[in-house]
Structures are given as structure tokens and as C-alpha cells.
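Visitor: Below you'll find the structure I mean.
The values are calculated or read from the model by the stated rules, or taken from the named source; none is laboratory data. Owing to the predicted nature of the structure, the values given are computational and were not obtained by experimental measurement. In this analysis, Cβ positions are derived from the backbone assuming ideal geometry, glycine residues included, and neighbour counts consider all displayed protein chains. Ligands, DNA and RNA are excluded from the accessible area calculation, which covers all protein heavy atoms including side chains. Shrake-Rupley method; radii C 1.70, N 1.55, O 1.52, S 1.80 Å.
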Amino acid sequence: GGEQVRRGRIVAGDVAVAWERALTEPDPLVRARKLADLLGSLTAESAPLVAEVFQRFEKSGRNFESEQNLFLRAWGRVDGGAAVAFATKGGTELKAKSKTLAALAGWATADALSTRTWLEALPDTAPREALIYGLLDGWSTVNFPAAASYAESRPRSESRNSFRELLLE
């Protein structure tokens, strides 16, 4: 069956099976409903187990990039630091950036200040500016005025222009 709880602990095999079944569901409407339920029930404890499912699929050549980004956004909400740590390791630079932006956006919806503090502690380089997009993506959904003010405070650059475009969307 689905995810079970035994003595208050999540059973790892059940989490993995539920995600594997949802990701490989052939009916797109059923798949979307299953994934929405799984994302809604994600916890800091179950998220690393789900990350392993995505890694196994990736190693076998099956890529669920959109679903993984939704998962990372949900993980970011429940454990931002762990989600970002996972997203930043391995993979191509473009894929790692997409994953990291998703995790940062989720983290920012739950705790924009911690996300901003983490980002501002990074070395002052161009990639940091690009990652701020993830902060603003999530932050703008929960506190648009604060996110817009922060975006406006950034140095004039191509990144700042993309921040403005994001906020206008």
C-alpha cells in the first residue's frame, strides 16, 4: 500500500514505492493527483528517501525534471538547508542550478530571512546573483512588497533585470 507509519516512524520502503508508483503512473491526471498528495505530505524525515528515488531514476536514464523541481520546492519548505545541500551536489551545472533554484524558492516561502542569510554568505560572485532568483521566486509568493524591495536594492545588472521580469510575472 501507500505510506505507512509504524510507531511514529515513516517506513522507508513505503515512501519509495509510493513515489515510484506516482512517477511512473501512465495516466497524467492520476499521476498529478498522486504527486500532489505526496508533495502535500512530505516531511523533513521523508524527503531524503524521496531524493533517493529521484537519484535511482536519474541513474537509470529516466528523468523527471519537472517533478523533481516540484519535490525540491516542497522539500525546501520543510527543510531548506537540506534541500539546497542536496540540490547543489552532482549533475550538470544547468541541472544543478535548476534544482537549487527550486529548493531555494521553497525555502524562501517558509523562511525568507534564513534563505537570504544563506545566499548573502556565499562568495560575492555572479552565481550568487543568479541564485537570488530562487529567493525572490519563493519570497514574492508570501511577501511581494519585501521581495520587490530586495530585488530593487540589488546592483544594476542583467540579474536584476531578470528579477524584475520575475516579479512582473
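Visitor: Just give me the residues in segment 37-69 being open to solvent by 80 Å² or more (accessible area, probe 1.4 Å) and not in a loop (DSSP other than H, G, I, E, B), in sequence order.
Guide: Asp37, Glu52, Arg56, Lys59, Glu65, Ser66
Visitor: Is there any pair linking a residue in segment 51-64 that is at pLDDT 95 or above and hydrophobic (A, V, I, L, M, F, W, C) to one that is open to solvent by 60 Å² or more (accessible area, probe 1.4 Å) and in a loop (DSSP other than H, G, I, E, B), with Cβ under 7 Å and at least six apart or on different chains, and which?
Guide: none
Visitor: If we scan segment 74-82, do we find a residue that is open to solvent by 20 Å² or more (accessible area, probe 1.4 Å), touching a Pro at 6+ places or on another chain (Cβ under 8 Å), part of a helix (DSSP H, G or I) and modelled with pLDDT of 95 or more?
Guide: Yes, the conditions are met somewhere in segment 74-82.
Visitor: Output the qualifying pairs, or none if there are none: Cβ atoms under 8 angstrom, residues six or more apart or on different chains, first residue in segment 146-169 and at pLDDT below 75, second residue open to solvent by less than 80 Å² (accessible area, probe 1.4 Å) and among the basic types (Lys, Arg).
Guide: Every condition considered, the pairs that remain are Arg160/Arg154; Phe163/Arg154.
Visitor: A further question follows. Exactly one of (1) closer than 27 Å to Pro155 by Cβ; (2) at pLDDT 95 or above; (3) open to solvent by 70 Å² or more (accessible area, probe 1.4 Å) is unmet by Lys34. Its number?
Guide: Going through (1) closer than 27 Å to Pro155 by Cβ; (2) at pLDDT 95 or above; (3) open to solvent by 70 Å² or more (accessible area, probe 1.4 Å) one by one, Lys34 breaks only (1).
Visitor: Anything in segment 103-155 that is among the aliphatic types (A, V, I, L, M), touching a Phe, Trp or Tyr at 6+ places or on another chain (Cβ under 8 Å) and open to solvent by 10 Å² or more (accessible area, probe 1.4 Å)? List them, or say none.
Guide: The answer is Ala112, Ala146.
Visitor: While we're on this one: Please state which one of Glu25, Glu3 is surrounded by 13 or more Cβ atoms within 10 Å (Cβ to Cβ), at pLDDT below 90 and outside any helix (DSSP H, G or I).
Guide: None of the others qualify; the one that does is Glu3.
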